[in-house]
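These notes are about the structure you will find just below.
Each reported figure results from applying straightforward, stated rules to the coordinates on display, with no laboratory input. Owing to the predicted nature of the structure, the values given are computational and were not obtained by experimental measurement. Cβ placement follows ideal geometry from the backbone for every residue including glycine, while neighbour counts extend to all protein chains displayed.
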Amino acid sequence: MKITGFFPAAFLFLGFFACGVDDMPPAVQIQTELMPTSVAMGDSMRIAVQFTDNEALNQFKIDIHSNHDGHSHGKTQQALAKWDTLIIGSLSGSSDAIDFSIKIPTGFLPGPYHFTVYCLDKNGNESSANIPLLFKDATDTVAPVVQLQIPMANATISSPFSVQASISDQLSDGSAASELNRVEVILKSLSSQEEFEVVDFNAVQLAGSSSLYDPSTGQLNISNLTIPSGASSGNYTLFLYAFDAYFNLGKAEVQIAIP
């Protein structure tokens, strides 16, 4: 395996030209037991991936890019740019692996990112695998504490319904923090494991209504919620997710029923 370098996100992954009769794509296995799911900015991150092919491997590409999904990112982090990078290298034989570390920069927007690995074999067949990553700013690595008040455990809910919770947060130095970046309510079926998004508020929406979220008390009040049309009768877990300004995730959950 040879790593040919780090390239800006706009760099095109060249060299993928189909030839021959082999149409079986290679296999890509990210060694998740060796790789972190969250990394502090400025630290090193280990990358470990196994590649196999029925004939011969050719090349890999690692693409790390933002997964902030268009949400507003709060006043604290507004001026920071997202971090995107590509790593391209060569592979050989029918089985090869990469295992190395990269230095994560500082000064970019923390939060959720995608780590995607692409692989090309000698005949131009391509496959990929990915995992989520969370990059954390050392200024704040403390997740919000979320305490659900409504609905209560084993409650039966129907439209319209409300969600109430208290949310507290602090910075890494122990000082109080009051800004939330995002709040999301999800219903997950206990039988099918299917998830349904109920509501998703960004930082601008949260800051724009004290009746929705009061940072001085940490009280969250979401009313007039509608059960998603795809959620049939049955038992569910209701999840309340709260991201602070540095994308640390706090959550609470409760078992409920839909009649």
Practice item. For the stretch 140-259, just say rounded, prolate or oblate: build the C-alpha gyration tensor, square-root its eigenvalues into a ≥ b ≥ c, call rounded for a/c under 1.5, and beyond that prolate if a/b exceeds b/c, oblate if not. Key: prolate
Check your understanding: What size of dipole, in debye to the nearest 20, comes out for the chain about its Cα centre when the only charges are +1 on Lys and Arg C-beta atoms and -1 on Asp and Glu C-beta atoms?
Key -> 340
**Study point:** Under 11 Å, Cβ to Cβ, from L109 - net charge with Lys/Arg +1 and Asp/Glu -1
**Key:** -1
Practice item. Measure out, as a whole number of angstrom, how far apart the alpha-carbon centroids of the stretch 220-246 and the stretch 103-169 sit. Key: 16
Study note, to complete from the structure: Subtracting the Cα-Cα distance of N224 and S166 from 0.36 nm times their residue separation yields 19.0 nm
Point to revise | Separation of the D99 and S44 label points, Cα + 7 Å toward Cβ, nm | key: 1.4
Practice item. For the chain, with a Gaussian network of springs between Cα atoms less than 10 Å apart, report the residue from F51, F243, F161 with the top mean-square fluctuation. Key: F161
**Study point:** Ranked S191, S66, criterion: other C-beta atoms within 10 Å, fewest first
**Key:** S191, S66
Check your understanding: Stretch A27-I131 to full length: gain in nm at 0.36 nm per residue minus the Cα-Cα span?
Key -> 35.9 nm
Check your understanding: Once the piece of chain linking V145 and S158 is laid out straight, how much longer is it, given 0.36 nm per residue of separation minus the C-alpha distance between them?
Key -> 2.0 nm
Practice item. Tell me which residues come under 5 Å, amide H to amide H, from S38 once H is placed; ignore anything under 5 positions away on its chain. Key: L134
Exercise for review: For every helix of n ≥ 4 consecutive DSSP H residues, a contribution of -39,500 (n - 2.57) applies; sum these over the chain, divide by its total residues, and give [θ] at 222 nm rounded to the nearest 500 deg cm²/dmol.
Suggested key: -500 deg cm²/dmol
Check your understanding: Can you tell which of Y113, P36, F243 lies farthest toward the positive end of the dipole of the chain, using +1 and -1 charges on the Cβ of basic and acidic side chains (Lys, Arg; Asp, Glu)?
Key -> F243
Point to revise | Links that overshoot a 28 Å alpha carbon limit, given the list K103/K251; K136/K251; K61/K188; K82/K188 | key: K103/K251; K61/K188; K82/K188
